Amino acid sequence: MTALRVLISDSYDPWFNLAVEECIFREMSTQKILFLWRNAETVVIGQSQNPWKECNTRRMEQDGIRLARRSSGGGAVFHDLGNTCFTFMAGKPGYDKSVSTQIILQALATLGIRATASGRNDLVIDTAAGRARSPAPPTVKRRIAASTTARCC
């Protein structure tokens, strides 16, 4: 079994972090990698999304919110410094989503946060304000992580 390599970005620049993620993906060999990163206020959209249909771009500009596109698919998500994004990468056949999910659930447990896996890609915690999930619905202010990317080549 290959050891997990953990990379942590100290940049809050969404374009830098997405570029690092892409570089890791393209240059990855057989290593298992966990990349942790945070972005300043940004809406990140998938490769095929139309930002004018998915986002209120005028309001984003007024509020100083950036727009960035990731090379993978998926929906539009809001990132800010109140959440930590994580990306697991492993080559086939080494990737196992349940192992990745358990790593995050165990990390949250060590912080005293009880979370569960739910649905296809959701992590759910119970808070005083109700349930919070990752990816978070727009009405939930507390997020576990806005971006959960599990890529395999």
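The values are calculated or read from the model by the stated rules, or taken from the named source; none is laboratory data. Since this is a predicted model, take the numbers as computed values, not measurements. Cβ: placed from backbone, ideal geometry, glycine included. Neighbour counts: every protein chain shown. All accessible areas refer to the heavy atoms of the entire protein, side chains included, with ligands and DNA or RNA removed. Shrake-Rupley method; radii C 1.70, N 1.55, O 1.52, S 1.80 Å.
Within 20 Å of Asn39 (Cα to Cα) and either outside any strand (DSSP E or B) or modelled with pLDDT of 80 or more (or both) - does that describe any residue in region 112-134?
No, because not a single residue in region 112-134 is within 20 Å of Asn39 (Cα to Cα) and either outside any strand (DSSP E or B) or modelled with pLDDT of 80 or more (or both).
Can we say Cys85 is surrounded by 13 or more Cβ atoms within 10 Å (Cβ to Cβ) and either farther than 21 Å from Tyr12 by Cβ or in contact with a His (Cβ under 8 Å, 6 or more places away or on another chain) (or both)?
Yes: the conditions hold for Cys85.
Considering every residue within region 46-63, establish whether at least one is in contact with a Lys or Arg (Cβ under 8 Å, 6 or more places away or on another chain) and within 24 Å of Leu105 (Cβ to Cβ).
The answer is no, given that none of the residues of region 46-63 is in contact with a Lys or Arg (Cβ under 8 Å, 6 or more places away or on another chain) and within 24 Å of Leu105 (Cβ to Cβ).
Evaluate the following for Gln62: is it without any contact (Cβ under 8 Å) to a residue 40 or more places away in the chain and open to solvent by less than 60 Å² (accessible area, probe 1.4 Å)?
Considered against the rule, which asks whether it is without any contact (Cβ under 8 Å) to a residue 40 or more places away in the chain and open to solvent by less than 60 Å² (accessible area, probe 1.4 Å), Gln62 comes out as no.
Could you please find all residues in region 35-54 being under 11 Å from the mean Cα position of the chain (by Cα), open to solvent by less than 40 Å² (accessible area, probe 1.4 Å) and of a type outside the set (Val, Ile, Thr)?
Correct list: Phe35, Trp37, Asn39.
Matching residues to (1) part of a helix (DSSP H, G or I); (2) modelled with pLDDT of 90 or more:
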position: Met1; (1), (2): no, no
position: Arg5; (1), (2): no, no
position: Ile24; (1), (2): yes, no
position: Ser29; (1), (2): no, no
position: Val43; (1), (2): no, yes
position: Arg58; (1), (2): yes, yes
position: Leu67; (1), (2): no, yes
position: Tyr95; (1), (2): no, no
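Hey, among the residues in region 9-21 that are in a helix (DSSP H, G or I) and more than 13 Å from the chain's Cα centre (by Cα), which one's surrounded by the most Cβ atoms within 10 Å (Cβ to Cβ)?
Step by step, filter region 9-21, then rank; the result is Val20.
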